[in-house]
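Have a look at the structure below, then the notes.
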Amino acid sequence: MVYLLGSRLEETDMQSVLEADAPAVFVVGQDESQSVLSALSINAELDISLMDIGFCKVESQQECLYGTLMIPPLLDVLGNPYRMAFVITAKYIILIDDSGFAMRMINRIRAKRVHQGETKERFFYNFIVEFISGDAMILDRYERELMEMEDETTNGMPENFQARLQPVRKQLLTLRNYYDQLTDMAWELEENEDRYFARKQLKYFGTAADRAERLKDRTSYLLDYAQQVRDAYQSLVYERQNDNMRFLTVISTIFFPLTLITSWYGMNFKNMPELESGYPMIIIVSIIVLIICILIFKKRKIL
């Protein structure tokens, strides 16, 4: 698909763009990308392989800017990301995408925004902002989930805590890396080293970088919060372990003197005290020892 840039994006065809020599946005698949670049007289040696894309980045070529985007899906952050590439010249933006993601973003821009693309800088700003527009709500969802887990640790030992927390931390780490890459990419576009953008329009990339950086900061805060929740859970686990060890220590301490007494009377020697009538006495002595141990533990607040 081809869209003429302007206040409203107008759908057209490549021949009309070439004849009018007008600024435009092209949305093409990987297989047709090289032929489109050749038709637009863009001489760039690009080995475009969408499946090999692993970062959000932009780099300078001899006649254009070439960049890649790897965007995690918000409903399944750890799932297969959207991978696409883009080429920017002084007049054109070529979006290379096989997933249909780029077209969905453009349709949302056309449906929601009044100023859709007076310039290629404004269009690319709209494009970046559109695919991060719902991220703040997703981060709010993670925060609520972490708050619920924290409440559970306050009320007692939660079930499957680690199994629930670990995916959340992995998703937040993935998002933080994504926002960090997106921020760096927007700052590089704002630097405009190759002068592909009008100086007055560079503010859009700065704004996009600020929005991505705020999302990164929010994600970093949530990662710290997740660590605090994990520490609270670990404290609860250690407390339970200490209670168990205290209980076992009390039991062992109580039964040690009783075991010592009974072991004496388990020996076979001739002059054993109370050999014939000592059974009731040993029971009484054992009960007294037991009471003394319990009183000592209570006094020291072990029980």
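The values are calculated or read from the model by the stated rules, or taken from the named source; none is laboratory data. The shown structure was predicted, so the numbers you read here are calculated from the model rather than taken from an experiment. Reconstructed Cβ throughout: ideal geometry from the backbone, glycine too, with neighbour counts over all protein chains shown. What goes into the accessible areas is simple: the full protein's heavy atoms, side chains included, and nothing from ligands, DNA or RNA. Shrake-Rupley method; radii C 1.70, N 1.55, O 1.52, S 1.80 Å.
Answer yes or no: is there a residue in the range 177-187 that is β-branched (Val, Ile, Thr) and assigned to a helix (DSSP H, G or I).
So the first thing to find is which residues in the range 177-187 are β-branched (Val, Ile, Thr), and the list is 183.
Restricting the remaining residues to those that are assigned to a helix (DSSP H, G or I) gives 183.
Yes; the residues of the range 177-187 include at least one that is β-branched (Val, Ile, Thr) and assigned to a helix (DSSP H, G or I).
Applying the criterion of being touching a residue at least 12 places away in the same chain (Cβ under 8 Å), of a type in the set (Gly, Ala, Ser) and open to solvent by 20 Å² or more (accessible area, probe 1.4 Å) to the residues of the range 85-144, the residue that is nearest to Ala39 (Cα to Cα) is Ala90.
All of Gln181, Gln234, Gln201 fail the test of being within 24 Å of the chain's Cα centre (by Cα), in contact (Cβ under 8 Å) with a residue 24 or more places away in the chain and open to solvent by less than 70 Å² (accessible area, probe 1.4 Å), apart from Gln181.
Give me the pairs: first residue in the range 32-53 and small (Gly, Ala, Ser), second residue part of a loop (DSSP other than H, G, I, E, B), beta-carbon distance under 7 Å, and six or more apart or on different chains, which are they? That search, which allows pairs on different chains as well, returns Ser33/Ile48; Ala44/Gln61; Ala44/Gln62; Ala44/Glu63; Ala44/Cys64. Looking across the range 1-46, the residues that are open to solvent by 20 Å² or more (accessible area, probe 1.4 Å) and part of a strand (DSSP E or B) come down to Leu4, Glu10, Glu11, Thr12. All told, Val229 meets the bar of being modelled with pLDDT of 80 or more, surrounded by 14 or more Cβ atoms within 10 Å (Cβ to Cβ), more than 30 Å from Phe124 (Cβ to Cβ) and of a type outside the set (Phe, Trp, Tyr).
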